[in-house]
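Q: Can you read through this structure? Questions will come right after.
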Amino acid sequence: MGKYDKYICTTLQKRDMLPGPTPEERDRLAAEGKRIGMEHVLWIDDEVIPGAYYGESTWIWPSSYPNQITMQEQMKRTANPKPMFPHAHDFPELLSWWGTDPDHPEDTGSMGMLMEDETIPLDKSWVSYIPAGMIHMPTRGSGGKVTTRPVCHWTSGPGVYTREKDHSAEEKGVKQAEPGKQAAKPGELINAKYFIYGTRPNQSRKYYMLPYDPKYVRPMAYVDDTVVPGAEFGCETLWLLPGEKSKAGFLMMKEHAVSHGTSIVFNAMNYADITDLCAEVELWIGGEKHIINKSFGAYIPPDVKQGPMIIRSVQKQIFYLMSYPVGKGVTKYRGGK
């Protein structure tokens, strides 16, 4: 056991927190060879990894995939005791639904996002920055586009999310949000400014993140306080693609230390086994080398050296996320040790 092993998680924790079927119902469906449309890979917080920020990562599979249970059957077979509802957190949150075609991020289903009393219409891949205290909830309307590809859904934020703590606005004694008002033109929606649909040309990155070959790495979205003014939590997200076969691998990050915590996630789009990374990551934490071949989340505490980070032998498309405080959040949400 290394000193920093505890900062890496390769198993799905807190299954009781997930929306939809209970852990017992999920296990019964799995024993029958059934799969549900939304499958969590990770749940991370400071009870799972000491001092860590909150985060979830999820694959949403098309109904055409083998052994998928229909939503109608799922509703008959499960109690769904933890449905989603409009809610707010006492920390800023990043939340995303992103299509998995790296060349066509517009290939995703139509949906919306309730932000206070507005519903933002969304018909392509997106990341939203949700300020602390803002009532929000993803929504799905009838009709609109339906993709035949998987979708990656993830969240991250510098706090602790419990469904008991983060009740609906009504339960918190705050006026409940009414159904979202949708203006004629998306530009008229005040909270549309919190949505990011990709990266800017020549987007500047963290100094410790190294250049990549666009044949094997595709940017998804980058968020900081220059992209969303006033943001206190940000991220870089990438698709890592198969094909690079060198023994040295791709050196993604050089060694460095920062004054705040950092979250890192690697998840393979592997329907056969969502726990298998189908690649190898070499991640150094505090001068300690870790070789990881499972989908995982990691947290590096403030002032602890992280990197180098190298990925090798990518066999299937991988979702990569690095999230951290930005702007005023650097001092407000430093992270634990």
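The values are calculated or read from the model by the stated rules, or taken from the named source; none is laboratory data. Since this is a predicted model, take the numbers as computed values, not measurements. Note that each Cβ is placed from the backbone with ideal geometry, even for glycine, and that neighbours are counted across all protein chains shown.
Q: With the structure loaded, tell me whether residue 231 is surrounded by 18 or more Cβ atoms within 10 Å (Cβ to Cβ) and farther than 23 Å from residue 331 by Cβ or whether it fails that test.
A: Taking the combined requirement at face value, the residue does not satisfy it.
Q: Taking the conditions exactly as written (out of contact with any Leu (no Cβ under 8 Å at 6 or more places or on another chain) and modelled with pLDDT of 95 or more), does residue 154 satisfy them or not?
A: no
Q: Name the residue, out of 257, 248, 268, 272, that is hydrophobic (A, V, I, L, M, F, W, C) and at pLDDT below 95.
A: 248
Q: Select from segment 15-51 the residues that are touching a helix residue (DSSP H, G or I) at 6+ places or on another chain (Cβ under 8 Å) and of a type in the set (Gly, Ala, Ser) and list them in ascending order.
A: 20, 37, listed by residue number.
Q: For segment 294-326, how many residues are under 22 Å from residue 225 (Cα atoms) and hydroxyl-bearing (Ser, Thr, Tyr)?
A: Count: 4.
Q: Looking at residue 233 and the list (1) touching a residue at least 12 places away in the same chain (Cβ under 8 Å); (2) within 30 Å of residue 66 (Cα to Cα), which single condition is not satisfied?
A: Result: residue 233 passes all but (2).
Q: With the structure loaded, tell me whether residue 99 is surrounded by 19 or more Cβ atoms within 10 Å (Cβ to Cβ), among the small types (Gly, Ala, Ser) and modelled with pLDDT of 95 or more or whether it fails that test.
A: Values: surrounded by 19 or more Cβ atoms within 10 Å (Cβ to Cβ): yes; among the small types (Gly, Ala, Ser): yes; modelled with pLDDT of 95 or more: yes.
Considered against the rule, which asks whether it is surrounded by 19 or more Cβ atoms within 10 Å (Cβ to Cβ), among the small types (Gly, Ala, Ser) and modelled with pLDDT of 95 or more, residue 99 comes out as yes.
Q: Anything in segment 288-330 that is charged (D, E, K, R), in contact (Cβ under 8 Å) with a residue 12 or more places away in the chain and not in a loop (DSSP other than H, G, I, E, B)? List them, or say none. Quick ask: steps written out before the conclusion?
A: Within segment 288-330, the first condition is being charged (D, E, K, R), and the residues that meet it are 288-289, 294, 303, 305, 312, 316, 328.
Keeping just the survivors that are in contact (Cβ under 8 Å) with a residue 12 or more places away in the chain gives 288, 294, 303, 305, 312, 316, 328.
The answer is 288, 294, 312.
Q: In addition: Pull up segment 56-86, narrow it to residues that are among the β-branched types (Val, Ile, Thr) and part of a loop (DSSP other than H, G, I, E, B), then point me to the one that is modelled with the lowest pLDDT.
A: Keep residues of segment 56-86 that are among the β-branched types (Val, Ile, Thr), which gives 58, 60, 69-70, 78.
Applying the additional criterion that residues be part of a loop (DSSP other than H, G, I, E, B) yields 69-70, 78.
Details: 69: 92, 70: 87, 78: 82.
Ranking the candidates gives 78 first.
Q: Would you confirm whether any residue within segment 126-143 is modelled with pLDDT under 90, closer than 29 Å to residue 45 by Cβ and not in a strand (DSSP E or B)?
A: Checking segment 126-143: at least one residue is modelled with pLDDT under 90, closer than 29 Å to residue 45 by Cβ and not in a strand (DSSP E or B).
Q: Hey, among the residues in segment 295-316 that are within 27 Å of residue 99 (Cβ to Cβ) and in contact with a Leu (Cβ under 6 Å, 6 or more places away or on another chain), which one's surrounded by the fewest Cβ atoms within 10 Å (Cβ to Cβ)?
A: Only one residue tops the list, namely 314.
Q: Among all residue pairs at least 6 apart or on different chains, which show Cβ distances below 8 Å where the first residue, located in segment 138-165, is farther than 22 Å from residue 117 by Cβ and the second is modelled with pLDDT under 80?
A: Sorted first by the residue in segment 138-165, then by its partner, the pairs are 163/82.
Q: Out of the residues in segment 1-55 meeting the condition of being assigned to a helix (DSSP H, G or I) and among the hydrophobic types (A, V, I, L, M, F, W, C), tell me which one is surrounded by the fewest Cβ atoms within 10 Å (Cβ to Cβ).
A: Of everything passing the filter in segment 1-55, 31 is surrounded by the fewest Cβ atoms within 10 Å (Cβ to Cβ).
Q: Something else about it: Looking at residue 120, is it of a type in the set (Val, Ile, Thr), touching a Gly at 6+ places or on another chain (Cβ under 7 Å) and closer than 13 Å to residue 150 by Cα?
A: In short, no.
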